[in-house]
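What follows is one structure encoded as structure tokens, with my remarks underneath.
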Amino acid sequence: MAQKRNLLYLMLISLLCCFLVVGVAGCGISDEVSADQSLGPLETAFAAGGGEFAKWYLAGWGNLSQAELTIDELAVLGKEVCKGLGIEITGNTSQQTGNSTTILYTGIKGANQYEVLLQQLPTETYLIVNIDSSSGEGEMGKEENLLREVLLTYTAEPDISAMIKGYLPGKYTERKGKKILTKMIEGASGIVVERTIESGYMSFTGFTERVEKSVLVGVQKVNLQCALSYDEIQGKTLVLLATPLIFAEY
């Protein structure tokens, strides 16, 4: 059952977050960073790594408890979700393909951009919400709480993934990269579970009690992943940190 849920989780994250592509600028790193303990575990961990913040992302989804809905009912539900999130709708599309119906709303609120997606399959209907923002790390926790509240209105057990993107100047070395990624996981009071070091990128997964949910990777529970990747065009190192797993290309 756990393996099936994790597979479904990864499939949905792949579907709902393909729009997250790497971009934007930053700088700055110091060996010792004093993290703001008023921030959430992900934000504290990112600060511990010393990267300069660029954007944060939230991706939430859940299985709707309602019975099969018509396309008009899905559209009404999408508007209700947008209203609950307090966003201004900027566009909407609908599509019916075979046994699948999809409704998509886009919207904005301040520096936040939203996608609200309802996808009805033959046996299940999913509500998916994507948010990306440059409003600052401290705002992510507030929006995550609101997103969870809205999802719980319509779904029984919603899942929310969060990710922060930033940059470090220049190209990381393997030694420096290991130190940065370890600091990030330890910044969330976590432990490193697995290390992946390849030409062009480096990724660590970890586990912390400060994050409620986790996924199984093999037989290990993980709920943190951080990665470094050098951007040759910009001449900077991309830094990604997510819970439970990174859901963007790097």
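The values are calculated or read from the model by the stated rules, or taken from the named source; none is laboratory data. The shown structure was predicted, so the numbers you read here are calculated from the model rather than taken from an experiment. Positions of Cβ are generated from backbone atoms using ideal geometry, with glycine treated the same way; all protein chains shown enter the neighbour counts. Remember, those area values only see protein heavy atoms, side chains included, never the ligands or the DNA or RNA. Shrake-Rupley method; radii C 1.70, N 1.55, O 1.52, S 1.80 Å.
Across region 215-221, in residue order, what do the Karplus-derived ³J(HN,Hα) couplings come to in whole Hz, using 6.51 cos²θ - 1.76 cosθ + 1.60 with θ = phi - 60° and x for Gly and Pro?
Using θ = phi - 60°, the values come out as 10, 8, 10, x, 10, 9, 7 Hz.
Please report the spacing between the Cα centers of region 171-250 and region 138-155 in Å, no decimals.
Each part reduced to its Cα centre gives a spacing of 24 Å.
If a paramagnetic tag sat 7 Å from the Cα of Ile197 along the Cα-Cβ line, which residues of region 230-246 would have the backbone N under 19 Å from that point?
230-231, 237-240, by backbone N distance to the label point.
For region 183-250, with the dipole built from +1 on Lys and Arg beta-carbon atoms and -1 on Asp and Glu ones, taken about the Cα centre, which of Tyr230, Tyr250, Leu216 lies farthest toward the positive end?
Leu216
Counting pairs of Cα atoms in region 148-250, how many percent are more than 25 Å apart? All intermediate terms of the calculation are to be shown ahead of the outcome.
Numbers: 1246 of 5253 pairs.
Cα-Cα pairs of region 148-250 separated by over 25 Å account for 24 percent.
Subtracting the Cα-Cα distance from 0.36 nm times the residue separation, let me have the gained length for Lys179 to Asp72 in nm, one decimal.
On the way: separation 107, 0.36 × 107 = 38.52 nm, distance 5.26 nm.
Result: 33.3 nm gained on full extension.
Between Arg148 and Ile89, what is 0.36 nm times their sequence separation minus the Cα-Cα distance? Round to one decimal in nm. Display every interim value, and only then the final one.
Details: separation 59, 0.36 × 59 = 21.24 nm, distance 1.96 nm.
Between Arg148 and Ile89, full extension yields an extra 19.3 nm.
With all distinct Cα pairs included, what does the Kirkwood hydrodynamic radius of region 61-160 come out to in Å, to one decimal, could you say? Can you show the working numbers first?
Working: mean 1/r = 0.0726 Å⁻¹.
Hydrodynamic radius (Kirkwood, Cα only) of region 61-160 equals 13.8 Å.
Return one quarter of the surface area of the convex hull spanned by the alpha-carbon atoms of region 92-215, equal to its mean projected area, in nm². Intermediate results must be reported in sequence, preceding the final value.
Values: hull surface 43.3 nm².
That works out to 10.8 nm², a quarter of the Cα hull's surface.
Can you give the FRET efficiency for Ser135 and Glu186, using 1/(1 + (r/R0)^6), R0 = 25 Å, r = Cβ-Cβ distance, to the nearest 0.05? Please report the intermediate quantities before stating the final value.
Numbers: r = 27 Å, r/R0 = 1.07.
For Ser135 and Glu186, the calculated efficiency is 0.40.
In Å², and per residue, what accessible area does region 74-119 have when probed at 1.4 Å with the other protein chains present?
Numbers: 2360 Å² over 46 residues.
In whole numbers, region 74-119 has 51 Å² accessible per residue.
Considering Cα pairs under 8 angstrom that are at least six residues apart, work out the relative contact order of region 174-250 and quote it in whole percent.
Working: 135 pairs, mean separation 17.9, N = 77.
Here the relative contact order equals 23 percent.
Need one number: nm distance between label points at Ile108 and Glu124, each 7 Å from Cα along Cα→Cβ, rounded to one decimal.
With each label point 7 Å from Cα toward Cβ, the separation is 3.4 nm.
Sort 73-81, 55-63 by packing, meaning the average of other beta carbons within 10 Å per residue, with the highest value first. Walk me through the numbers on the way to the answer.
On the way: 73-81: 17.1, 55-63: 22.1.
Sorting 73-81, 55-63 by mean packing, highest first, produces 55-63, 73-81.
Please calculate how many Å² of accessible area region 145-250 carries per residue, with a 1.4 Å probe and no DNA, RNA or ligand atoms counted. Write out the running numbers ahead of the final one.
Values: 5170 Å² over 106 residues.
Per-residue accessible area for region 145-250 comes out at 49 Å².
Suppose every K and R has +1 on its Cβ and every D and E has -1 on its Cβ; what is the size of the dipole of region 117-250 about the Cα centre, in Debye to the nearest 20? Walk me through the intermediate numbers first.
Numbers: 14 positive and 18 negative charges, 140 e Å.
Here the size comes out at about 680 debye.
I need the peptides 223-230, 140-147, 151-158, 243-250 ranked by packing, meaning the mean over residues of other C-beta atoms within 10 angstrom, with the highest value on top.
Working: 223-230: 24.1, 140-147: 17.8, 151-158: 15.8, 243-250: 20.9.
Ranking, from highest mean packing down: 223-230, 243-250, 140-147, 151-158.
For region 57-138, what does the relative contact order come out to in percent, with C-alpha contacts under 8 Å and a separation of six or more? All intermediate terms of the calculation are to be shown ahead of the outcome.
Values: 153 pairs, mean separation 27.6, N = 82.
This gives 34 percent for region 57-138.
With an 8 Å cut-off on Cα pairs and a minimum separation of 6 or more residues, tell me the relative contact order of region 98-139 in percent. Working shown, then result.
Numbers: 67 pairs, mean separation 14.3, N = 42.
Dividing the mean separation by the residue count of region 98-139 yields 34 percent.
From zero outward in steps of 10 Å, how is the percent of C-alpha pairs of region 116-182 spread across the bins?
With 10 Å bins starting at 0, P(r) equals 15, 34, 25, 18, 9, 0.
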